[in-house]
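Student: This is the structure, below, for whatever I ask next.
The values are calculated or read from the model by the stated rules, or taken from the named source; none is laboratory data. What you see is a predicted model; the values in this text were computed from it and never measured. Every residue, glycine among them, receives a Cβ derived from its backbone with ideal geometry; neighbour counts consider all protein chains shown. With ligands, DNA and RNA removed, areas are computed over all heavy atoms of the protein, side chains included. Shrake-Rupley method; radii C 1.70, N 1.55, O 1.52, S 1.80 Å.
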Amino acid sequence: MNDNPPYLNENLGIEERVTDLLSRLTTKEKYILLASHDRRRIYTTKPIKRLRIPSFKMTDGPLGASYHSSGLKKNTRFPAPISLAATWNRRLAGEVGSAMGEEVRAIGRHMLLAPAMNIHRTPLCGRTFEYFSEDPYLTKEIAIPVVKGIQSQGIGGCLKHYAANNQETNRATCSAEIDERTLHEIYLRAFRAVVKEADPWAVMAAYNKVNGVYACENKYLIRDLLLEKWNFKGIVMTDWFSTRRDQTTEGCINAGLSLEMPWPFKYKVKSLKKAYADGILTDEALNDLARRNLRVMMLTGAIGDAKAQSRGSRNTAQHHNLARRAAEEGIVLLKNEGSLLPLDIEAIDKIALFGPNLKKKFGGFLKGGSSGVKPPFEITPLAGMKEKCKGKIKIVADASQADLAIVFAGLDNGKGGDSEFQDRSSLELPDDQIALINRTAATNPNTIVVLIAGSPIAMDGWLEAVPVVLEAWYSGMEGGRAIANVLFGNINPSGKLPLTFPRKLADSPAHSGGSSRTYPGDEEKKVHYDEGIFVGYRWFDKEKIDPLFPFGFGMSYTVFEYGSMHLNKGSITHTDDTFNVDLDVMNAGERAGAEVVQVYSRDIQASVERPQKELIGFGKIRLKPGERKTVSITVRAEDLAFYDIHKHEWVVEPGDFEILVGRSAQDIVAKAVLSYT
Ligand code: BGC
């Protein structure tokens, strides 16, 4: 073989290189590129040594490079995506993406199977912690920098699970029955935006069916939308073992599936050969599928000069610091009666610590499912508290003898809690935890509850009994330190909820009717998304249900005063237009802090029913005590659109829109009108 064929010449354009390589591959070799064919290593594809095509190596995310799929390597465990979304900080999301990419490079892999971007439809979904939000706008705004960050390191990002994988119960057999508008407006919107704006190198098709057709052979989802309408150029892969007996090779080919993982069922060489002979798999289609995979192998440097690639780095002090910073910024202060927090380290003698999550480590082999990252060390809440209290405060076991008590409650990132493969069975804390909280609060009125969980928790049975609740999520390997920093005021909390906390399960849209039809599915395993576009706060607004804590809610140790609001334009005319929402915010308290200013819209004259408000922008602003700043939030007109089922397109209808600015979806402080003409 020519020692430097064009496809290895990195000075040439990628399409030219792929075309050259395709011309050298036999038809059988192209088949081999469409599935893993390596039964021992289920995260890698089969090499074609003759042409110096190495195996393409993937590893799970989305909390970092997971343990089980990175050759049992311990890597930085970053906070769960729900926590990252709670930061409402795009820049930080980009930093985390980039650091994860560096870690993936360092373990010699080419792609991180992240981000996971399904919408929080039910609070019971076992993978709520792995997903960002109930809102598509917030989902895309965090996912875009994550993907750009990962790919800035030459590592592929992989959007998953496309689409409507909103529950774990029967995930491989159920069908999400969704009307066209809801599908686009809620469940596809973020995927579309990230494809357009971040150019991800792969998309993973979900296990479930969407409207009766398995996601990985769903021609509408993959070929018609993703490939043709959104012009996606990357790999379309299956979720692991997702192809089923009742699927066909033809269906997968026609849909545009380019990679079957982790080994072939529908893309066995024999089956592809037959499809080729029958004219189902044409040369054009085969080349297109193979091209997608080869292109990404080149983008990641898998094909080419391996030495020219950066080696990456993992477990650096910088990454661990970043994991802590992200954890701190994701923590949400839900209740703080009598300003018990922040704790004054000089004024406290004794603290009593309790709870099942006090000493727990959350990272580990397949902990929580495929996202399990095992870090080299993990700062548990107890370790974080000990470090902080050392030499200053005594940690005791008797709440009656302490100045205050802290219960580290919540769920496990595993069986019975938040986990892949199964949904939660209840919105409540386990009974023994409720009893522990109430018992402790009865003994010591200064009882603080720190929740470590990846999904909403009902609090009826205990919230009144305690003055403070802090939502810490699964906050990664530095979580204990981050929690202690927030409790003691080294960090002023600035996280805001990326999803609504309902008071009870029946308040939540998928559970409102109390029938299995909407969750977990009828006798034919059809899950009817009867609530339509009214997911999350859109539902609570429409039904006038008072949530326990609304979307976008989160308290601070300081007070932010909102001044008047100003739109830089009174009207706009094009979907490409943008406008600015300017607002004065002042820190009227005594501590520096950060505030997430949220912008929502309401379409006043719509031809279809629209939500009472929809998130269309946000900005995070940092202010010193007494400081006042104008936050200027740019909003795109296209984010005012709805999906028109007659035009099969996103449409902004002429008319007036109310632009709302608030601290949360329920705390709107200013309004103005904008017209679209
Ligand atoms: C999960 C995916 C994951 C894959 C590979 C599946 O069980 O749904 O998110 O990437 O396994 O581990």
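Student: Which count do you get for residues in region 242-268 that are farther than 21 Å from residue 39 by Cβ and either modelled with pLDDT under 95 or in a helix (DSSP H, G or I) (or both)? It would help to see each step written out before you state the result.
Tutor: Just the residues of region 242-268 that are farther than 21 Å from residue 39 by Cβ, to begin with: 246, 248, 250-251, 253-256.
When the remaining residues are screened for being either modelled with pLDDT under 95 or in a helix (DSSP H, G or I) (or both), the result is 246, 250-251, 253-255.
Looking only at that region, the number is 6.
Student: Additional query: Here are some residues: 598, 612. Which one is in contact (Cβ under 8 Å) with a residue 12 or more places away in the chain and out of contact with any Asp or Glu (no Cβ under 8 Å at 6 or more places or on another chain)?
Tutor: On the way: 612 fails: out of contact with any Asp or Glu (no Cβ under 8 Å at 6 or more places or on another chain).
Going through 598, 612 in turn, the sole match is 598.
Student: Turning to a different aspect of this structure: Just one of (1) among the small types (Gly, Ala, Ser); (2) touching a strand residue (DSSP E or B) at 6+ places or on another chain (Cβ under 9 Å); (3) buried (at least 24 other Cβ atoms within 10 Å of the Cβ) trips up residue 480, so point out which.
Tutor: For residue 480, the exception is condition (2).
Student: When both residues are 6+ apart or on different chains and their Cβ atoms are under 9 Å apart, which pairs have a first residue that lies in region 200-213 and is more than 15 Å from residue 246 (Cα to Cα), and a second that is of a type in the set (Lys, Arg) and more than 15 Å from the ligand (Cβ to nearest atom)?
Tutor: 201/233; 201/295; 202/292
Student: Tally the residues that are within 24 Å of residue 73 (Cα to Cα) and in contact with a helix residue (DSSP H, G or I) (Cβ under 7 Å, 6 or more places away or on another chain), restricting the search to region 346-367.
Tutor: Within region 346-367, the subset within 24 Å of residue 73 (Cα to Cα) is 359-367.
Checking which are in contact with a helix residue (DSSP H, G or I) (Cβ under 7 Å, 6 or more places away or on another chain) leaves us with 359.
So the count comes out to 1.
Student: In addition: Which number in (1) under 24 Å from residue 619 (Cα atoms); (2) in a helix (DSSP H, G or I) marks the one condition that residue 510 misses?
Tutor: Result: residue 510 passes all but (1).
Student: Mind listing just one residue for me: the one in region 152-174 that is open to solvent by less than 10 Å² (accessible area, probe 1.4 Å) and not in a loop (DSSP other than H, G, I, E, B) and, of those, farthest from residue 104 (Cα to Cα)?
Tutor: Here the answer is 162.
Student: For the condition charged (D, E, K, R) and open to solvent by 40 Å² or more (accessible area, probe 1.4 Å), what is the one hit in 610, 602? Before the answer, list the steps.
Tutor: Values: 610 fails: open to solvent by 40 Å² or more (accessible area, probe 1.4 Å).
None of the others qualify; the one that does is 602.
Student: Right, something else. Among the listed residues 95, 134, 130, identify the single one that is surrounded by 24 or more Cβ atoms within 10 Å (Cβ to Cβ) and away from the ligand (no atom under 15 Å from the Cβ). It would help to see each step written out before you state the result.
Tutor: Working: 95 fails: surrounded by 24 or more Cβ atoms within 10 Å (Cβ to Cβ); 130 fails: away from the ligand (no atom under 15 Å from the Cβ).
Going through 95, 134, 130 in turn, just one is surrounded by 24 or more Cβ atoms within 10 Å (Cβ to Cβ) and away from the ligand (no atom under 15 Å from the Cβ): 134.
Student: Give just the number: which of (1) more than 16 Å from the ligand (Cβ to nearest atom); (2) modelled with pLDDT of 95 or more does residue 64 not satisfy?
Tutor: (1)
Student: Sticking with this one: Being out of contact with any Phe, Trp or Tyr (no Cβ under 7 Å at 6 or more places or on another chain) and closer than 30 Å to residue 425 by Cβ: is that true of residue 56 here? Write out each step before concluding.
Tutor: On the way: out of contact with any Phe, Trp or Tyr (no Cβ under 7 Å at 6 or more places or on another chain): yes; closer than 30 Å to residue 425 by Cβ: no.
When the stated conditions are applied, residue 56 does not pass them.
Student: If you don't mind, another one. So if I check each of 181, 189, which one is in a helix (DSSP H, G or I), among the charged types (D, E, K, R) and more than 17 Å from the chain's Cα centre (by Cα)? Give the derivation first.
Tutor: Numbers: 189 fails: more than 17 Å from the chain's Cα centre (by Cα).
Checking each option against the conditions leaves just 181.
Student: So, one more: Could you go through region 76-88 and let me know if any residue there is surrounded by 24 or more Cβ atoms within 10 Å (Cβ to Cβ), under 26 Å from residue 30 (Cα atoms) and within 15 Å of the ligand (Cβ to nearest atom).
Tutor: Of all residues in region 76-88, those surrounded by 24 or more Cβ atoms within 10 Å (Cβ to Cβ) come to 76-88.
From the residues that got through so far, the ones that are under 26 Å from residue 30 (Cα atoms) too are none.
No, the conditions are met nowhere in region 76-88.
Student: Somewhere in region 17-39, is a residue of a type in the set (Lys, Arg) and out of contact with any helix residue (DSSP H, G or I) (no Cβ under 8 Å at 6 or more places or on another chain)? Working first, answer last.
Tutor: Taking region 17-39 first, the residues of a type in the set (Lys, Arg) are 17, 24, 28, 30, 39.
Among the residues that remain, those that are also out of contact with any helix residue (DSSP H, G or I) (no Cβ under 8 Å at 6 or more places or on another chain) are: 39.
Looking for residues that are of a type in the set (Lys, Arg) and out of contact with any helix residue (DSSP H, G or I) (no Cβ under 8 Å at 6 or more places or on another chain), one finds at least one in region 17-39, hence yes.
Student: Residues of region 330-349 being in contact with a Leu (Cβ under 9 Å, 6 or more places away or on another chain) and either open to solvent by 70 Å² or more (accessible area, probe 1.4 Å) or of a type in the set (S, T, N, Q) (or both), which ones?
Tutor: 336
Student: How do the pairs read when you match residues in region 359-373 that are in contact (Cβ under 8 Å) with a residue 24 or more places away in the chain and closer than 14 Å to residue 422 by Cα with residues anywhere that are more than 13 Å from the ligand (Cβ to nearest atom) and among the polar types (S, T, N, Q), using Cβ under 7 Å and keeping only pairs 6 or more apart or on different chains?
Tutor: Once the first residue is in contact (Cβ under 8 Å) with a residue 24 or more places away in the chain and closer than 14 Å to residue 422 by Cα and sits in region 359-373, its partners that are more than 13 Å from the ligand (Cβ to nearest atom) and among the polar types (S, T, N, Q) give 367/413; 368/413.
Student: Looking only at region 31-41, how many residues end up being at pLDDT 95 or above and open to solvent by 20 Å² or more (accessible area, probe 1.4 Å)?
Tutor: 1
Student: Looking at region 369-399, which of its residues are over 36 Å from the mean Cα position of the chain (by Cα), among the β-branched types (Val, Ile, Thr) and either within 16 Å of the ligand (Cβ to nearest atom) or buried (at least 18 other Cβ atoms within 10 Å of the Cβ) (or both)?
Tutor: Once the filter is applied, which keeps residues that are over 36 Å from the mean Cα position of the chain (by Cα), among the β-branched types (Val, Ile, Thr) and either within 16 Å of the ligand (Cβ to nearest atom) or buried (at least 18 other Cβ atoms within 10 Å of the Cβ) (or both), region 369-399 yields only 393.
Student: Can you find a residue that is farther than 16 Å from residue 252 by Cα, modelled with pLDDT of 95 or more, open to solvent by less than 10 Å² (accessible area, probe 1.4 Å) and more than 14 Å from the ligand (Cβ to nearest atom) anywhere in region 210-223?
Tutor: For region 210-223, residues farther than 16 Å from residue 252 by Cα, modelled with pLDDT of 95 or more, open to solvent by less than 10 Å² (accessible area, probe 1.4 Å) and more than 14 Å from the ligand (Cβ to nearest atom): absent.
Student: If residue 227 satisfies every condition in (1) under 18 Å from residue 172 (Cα atoms); (2) within 23 Å of the chain's Cα centre (by Cα) but one, which is the exception?
Tutor: It fails just one condition, (1).
Student: Take the residues in region 269-302 that are open to solvent by 30 Å² or more (accessible area, probe 1.4 Å) and part of a loop (DSSP other than H, G, I, E, B), then tell me which one is nearest to residue 32 (Cα to Cα).
Tutor: Filtering region 269-302 for residues that are open to solvent by 30 Å² or more (accessible area, probe 1.4 Å) and part of a loop (DSSP other than H, G, I, E, B), the one nearest to residue 32 (Cα to Cα) comes out as 282.
Listed here are the residues, each with its yes/no results for (1) in a loop (DSSP other than H, G, I, E, B); (2) closer than 13 Å to residue 567 by Cβ; (3) outside the structural domain of residue 564 (by TED's automatic domain parsing).
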site: 583; (1), (2), (3): no, yes, no
site: 586; (1), (2), (3): no, no, no
site: 590; (1), (2), (3): yes, no, no
site: 597; (1), (2), (3): no, no, no
site: 622; (1), (2), (3): no, no, no
site: 626; (1), (2), (3): yes, no, no
site: 660; (1), (2), (3): no, yes, no
site: 671; (1), (2), (3): no, yes, no
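Student: Determine which member of the set 445, 509, 502 is in the same structural domain as residue 401 (by TED's automatic domain parsing), open to solvent by 10 Å² or more (accessible area, probe 1.4 Å) and on the phi < 0 side of the Ramachandran plot.
Tutor: On the way: 509 fails: open to solvent by 10 Å² or more (accessible area, probe 1.4 Å); 502 fails: open to solvent by 10 Å² or more (accessible area, probe 1.4 Å).
When all the criteria are applied, what remains is 445.
Student: Restricting region 325-368 to residues that are more than 16 Å from the ligand (Cβ to nearest atom) and basic (Lys, Arg), which is farthest from residue 100 (Cα to Cα)?
Tutor: Going through the qualifying residues, I end up with 350.
Student: Across region 410-446, what is the total count of residues that are within 16 Å of the ligand (Cβ to nearest atom), out of contact with any Cys (no Cβ under 7 Å at 6 or more places or on another chain) and modelled with pLDDT of 95 or more?
Tutor: From region 410-446, those within 16 Å of the ligand (Cβ to nearest atom) are 413-415, 418-423; that's our starting set.
Filter once more, so that each one left must be out of contact with any Cys (no Cβ under 7 Å at 6 or more places or on another chain): 413-415, 418-422.
Next cut, modelled with pLDDT of 95 or more only: 418-422.
The total comes to 5.
Student: Take residue 149 and tell me if it is within 17 Å of the chain's Cα centre (by Cα), crowded, with 23+ Cβ neighbours inside 10 Å, within 15 Å of the ligand (Cβ to nearest atom) and farther than 21 Å from residue 217 by Cα. Reasoning before the result, please.
Tutor: Details: within 17 Å of the chain's Cα centre (by Cα): yes; crowded, with 23+ Cβ neighbours inside 10 Å: yes; within 15 Å of the ligand (Cβ to nearest atom): no; farther than 21 Å from residue 217 by Cα: yes.
Answer is no for this residue.
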